Amino acid sequence: MRPYLISVTRALLICVPMFVASVALGSALGHYGLPQVAILVAQLVVGVLVYATAAFLFARQTSLTILKLAAGATGRRLPVALQKP
């Protein structure tokens with residue numbers, strides 16, 4: 001049960017910086033009077049970038065496993081820098 005809780009906690013931990021960055025950006029851009037669609041697109045882009053970064057920081061092994069599966073499905077190889085020694 002403990003390994004499961006650790007993995008769930010890591011997954012939730014990854015979402016926290018994504019949420020904070022998206023909400024902060026939406027609030028900041030809202031003051032400039034930008035259209036809602038533009039704010040949404042900016043929030044999505046920032047959310048993806050922050051989530052990917054946080055995933056490598058908090059759940060590196062899981063992230064590498066997902067990348068290996070995706071690379072295998074597309075017939076590509078991971079860059080040497082992302083392969084485990």
Among residues of the range 1-49, those that are modelled with pLDDT under 95, touching a helix residue (DSSP H, G or I) at 6+ places or on another chain (Cβ under 8 Å) and of a type in the set (Ser, Thr, Tyr), counted: 1
Subset of the range 20-63 (residues that are surrounded by 16 or more Cβ atoms within 10 Å (Cβ to Cβ), more than 10 Å from the chain's Cα centre (by Cα), of a type in the set (A, V, I, L, M) and under 29 Å from VAL8 (Cβ atoms)): ALA21, LEU25, ALA59
ALA73 modelled with pLDDT of 95 or more and either touching a helix residue (DSSP H, G or I) at 6+ places or on another chain (Cβ under 9 Å) or of a type in the set (Gly, Ala, Ser) (or both): no
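The values are calculated or read from the model by the stated rules, or taken from the named source; none is laboratory data. Everything numeric here is computed off the predicted structure, so don't read it as measured data. When we count neighbours, we look across all protein chains shown, and the Cβ atoms used for this are built from the backbone with ideal geometry, even at glycine.
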